[in-house]
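Before any comments, here is the structure.
Every read-out reported here was derived from the displayed coordinates using simple, explicitly stated rules and does not represent laboratory data. The model shown is predicted, which means the values in this text are computed figures rather than measured ones. Note that each Cβ is placed from the backbone with ideal geometry, even for glycine, and that neighbours are counted across all protein chains shown.
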Amino acid sequence: MTSPLAATATATAAADIHYRVQAVDVDAHLFSVQLHIARPAAGQTLSLPVWIPGSYLVREFSKNLQGLSAEQDGRPVALAQQGKNLWQADCEANTPLVIHYQFCAYDSSVRTAWLDRRRGFFNGTSLCLRVHGQEDTPHTLQLLASDATASWQVATGLDAVDTDARGWGLYRAAHYDELVDCPVEMGSFWRGDFVAAGVPHSFIVAGAAPSFDGARLIADARKICETVLAFWHGTGEQATPAPMQRYVFMLNVVDDGYGGLEHRNSTALICGRRDLPRVGERKAAEGYTTLLGLISHEYFHTWNVKRLRPAEFARYDYGQENYTELLWFFEGFTSYYDDLLLRRAGLIDNAQYLKLITRTINQVLQTPGRHLQSVAQASYDAWVKYYRQDENTPNQTVSYYTKGCLVALALDLQLRREGRSTLDDVMRALWQRCQGGPMREADVLAVLQDLGGRSFAPEITQWVHGTDDLPLAELLAAHGVQAKAEPAQTAQRLGLRVQESQGITIKTVLRGSLAERAGFMAGDEWLAIELPTGAEDSQPARWRITRLDDVALYAGTALDIVAWVARDRQILALTLPWGSGLLSEAAAMVEKTDNGDAKAATSGTLAAPAPSNLGLEITDEETAGRWLAGHTGSAQAPATP
Ligand SMILES: [Zn+2]
């Protein structure tokens, strides 16, 4: 099915590597692709990426590719498969070669491709075979409307060469990397435009409810973009130009979902319908703050990971895992700034920001794996650990997002305390030093030394390559923010992560926890508890429980209780030392500030401190405000060298 619109596109503008993509059957979720190679090599090889940059998992996109065939001069050409994602065409050199195939687009995430009657979306890493040896030549992409999609519009970060008013037509990329870094959204979407620091921005929203307040979203997104642009490039006459000519946000709104993927001049986002602001409602849902944080996060990546990036990513290898130890910097520091820049943009206040950073601190505190893997190791292992989470993940590794965010926080607070620099300056100096390109850990150390006036190797060694907790309570206290231990919820007290739906299913048993010592296992269904009773006691001893909160309700102050669990259809009785008084990790952390000696609090008989909550409170508004508002200048008098 080819629409009249498609016939008008000029074939003469096609590059040597030219893709024609059409949503050929929306109900079968099929995109058809024709790849025209003007000057193939003899025995040309082609492959499909196995991963998409920004999402560190081998996803084997070729599993959704079908109907592959080739022709040259009207004659069929044999394609020999040489691997899961690699083919060789039995073709002559320099005679145009055409490859035909289809891609089944049924992944609603931002990482692959989607097609149904309502919308289409794809990443080039899913739809565009790579022509080996010609990756660096210009590539063109022709988007053809079909009967089913003729009324749709198109949005992408690619440069338009010859397109109609809806966006159907010819697009151009300087090379394969650029082509596959520009996802394409198509459908009947909402669109808003704004200019920030002279750069035109478009915001595409697909699938929103009728109550959606687009004007509010655009106003807030604009504040975020202006704040991030000012962060990297300054304002007024001193401002340096942004690295992108324009920028496109592509937000897919679903019933329940969350995520985003960064690109050089666009981002693909997913959020839940209830998280969007609504017309006539001044107070937006809490989920809206999360969405703004996501927008801020992906936009910050435009600089931090898409341009400034690990040296190992100087040239992506699409055929296998690309390892780096630096995700703590690129994801962690981006995670530090995403919410902090919301605060500086005036979209959240100090208290809201502290709540967000408190949540991150507690997430790390409740991850026993932080004592096994450093954030550098966790970065390297992202492919097999962070992106392949299972019941044991929190025991084996630590998130380079959350702990990396805390490393940024600790560095910023330490720099500010010493009074010579801030992490903002470090980020900008790195941008200068590496010219917005590949970067190594040595560059971070060099810039820290330059701006901080001393070596920060001890901090990087301990915080990035070590597994001890960061001295956050002490650093926060120096900036007018007091940390205190708060009572643990039942899940934290026991060291369990559970799923509660008509019963309690154990998802994870944290290492060293009460639950582990009692013999709980992931997969157990926790049915009931039994309390110790005296002969004179008339209280029922056994209680059916369906929520974790029920344990505290019925167990009260009992010391040892029995947990009845179902495992492989057998009923087991586990003795749980419910009343066991343990010093929490948060308490240990706070104690560390008081006596300056972490070991005293966490060693000895307290072998298994129960994870608990840390709370933060501003005790000195002026000092805390200087950090949170991004002012330079020291929190205290500069330390003597
Ligand atoms: Zn990220």
Dividing the mean separation of Cα pairs under 8 Å (6+ apart) by the residue count of the chain yields a relative contact order in percent of 10
Quick one: 3J(HN,Hα) in Hz for the range 212-227, Karplus 6.51/-1.76/1.60 with θ = phi - 60°, rounded, Gly and Pro as x. 4, 9, x, 4, 5, 4, 5, 4, 6, 4, 5, 4, 4, 4, 5, 5
Less than 13 Å Cβ to Cβ from LEU430, Lys/Arg counted +1 and Asp/Glu -1: what total charge do the surrounding residues give? 0
For 280-287, 112-119, 265-272, ranked highest to lowest by mean beta-carbon neighbours within 10 Å, the order is 265-272, 112-119, 280-287
Pairs over 24 Å Cα to Cα, from LYS283/LYS484; LYS223/LYS283; LYS403/LYS507; LYS355/LYS484; LYS385/LYS484, come to LYS283/LYS484; LYS385/LYS484
How large is the Kirkwood hydrodynamic radius of the range 463-563, counting all unique pairs of alpha carbons, in Å? 16.2
How would you rank 206-219, 169-182, 378-391, highest first, on the average number of other Cβ atoms within 10 Å across their residues? 169-182, 378-391, 206-219
Partner aspartates and glutamates whose C-alpha sits under 18 Å from that of LYS63, ignoring same-chain residues fewer than 8 away, are ASP107, GLU321
Pairs of Cα atoms farther than 30 Å apart, the range 4-187, %: 12
So how much slack lies between ARG118 and GLU321, counting 0.36 nm per residue of separation and subtracting their Cα-Cα distance, in nm? 69.7 nm
How large is log10 I(q)/I(0) at q = 0.06, 0.10 Å⁻¹ when the Debye formula is applied to the Cα atoms of the chain, each weighted equally and without solvent? -0.39, -1.01
Between 0 and 90°, nearest 10: helix 334-344 axis offset from the chain longest Cα axis: 80
Over the C-alpha atoms of the range 429-479, what are the Rg and the largest Cα-to-Cα span, Dmax, in Å? 13.0, 36
For the range 189-302, radius of gyration divided by Kirkwood radius, i.e. Rg to Rh on alpha-carbons: 0.97
Note to self, the chain gives a 222 nm [θ] from helices alone (DSSP H runs n ≥ 4, -39500 (n - 2.57) apiece, / all residues, nearest 500) of -7500 deg cm²/dmol
Contact order normalised by length for the range 4-187, with contacts defined as Cα pairs under 8 Å and 6 or more residues apart; what percent is it? 27
Taking the Cβ-Cβ separation of GLU92 and HIS175 as r and a Förster radius of 30 Å, what is the calculated FRET efficiency to the nearest 0.05? 0.75
Full extension from SER455 to ARG166: what is 0.36 nm times the residue separation minus their Cα-Cα distance, to one decimal in nm? 98.5 nm
